[in-house]
Amino acid sequence: MSKPYTPDPNFDYDLVVLGGGSGGVRASRISAVHGAKVLLIEGQIEHGPPGYSAIGGTCVNVGCVPKKTHGICISISCRRRGIERVWME
């Protein structure tokens, strides 16, 4: 027969978030700001192959956010040189 459950304050969380992508990080951060004890579980610790995710997720680390930042930098650089339009794939 198993023992009755007794909560352990060292492992008692208000919120457990699976995945440290942009949504998981935001949910964890906002909950913690409001006083919740949060556990964030992310399988990929380092950024890079094969998953590229790590904390922040693919979009933040290698996806649309870096691409948009790169595009904005190119646009600003071109405007300074007097180039009006830039073709980007």
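Where the centre of each part is set by its Cα atoms, how far does the stretch 54-86 sit from the stretch 19-33, in angstrom?
25
In nm, give the distance between the simple-model label positions of residue 36 and residue 77, each being 7 Å from the Cα along the Cα-to-Cβ direction.
4.1
If the cut-off is a Cα-Cα distance under 28 Å, which lysines reach residue 37, setting aside same-chain residues fewer than 8 apart in sequence?
3
Once amide H atoms are built 1.01 Å from N in the peptide plane, which residues 5 or more positions from residue 17, or in another chain, come under 5 Å H to H?
Distant-sequence amide H within range of residue 17: 39, 40, 41.
³J(HN,Hα) across the stretch 64-72 via Karplus (A = 6.51, B = -1.76, C = 1.60, θ = phi - 60°), whole Hz, x for Gly/Pro?
5, 5, x, 5, 5, 4, 4, x, 5
What shape does the stretch 1-43 have by the C-alpha gyration tensor, where a ≥ b ≥ c are the square roots of the eigenvalues, rounded means a/c under 1.5, and otherwise prolate means a/b greater than b/c and oblate the rest?
Note, shape of the stretch 1-43 comes out oblate.
Each reported figure results from applying straightforward, stated rules to the coordinates on display, with no laboratory input. All figures in this text were calculated on a predicted structure; none of them were measured in a lab. Neighbour counts run over all protein chains shown; Cβ positions are idealised from the backbone, glycine included.
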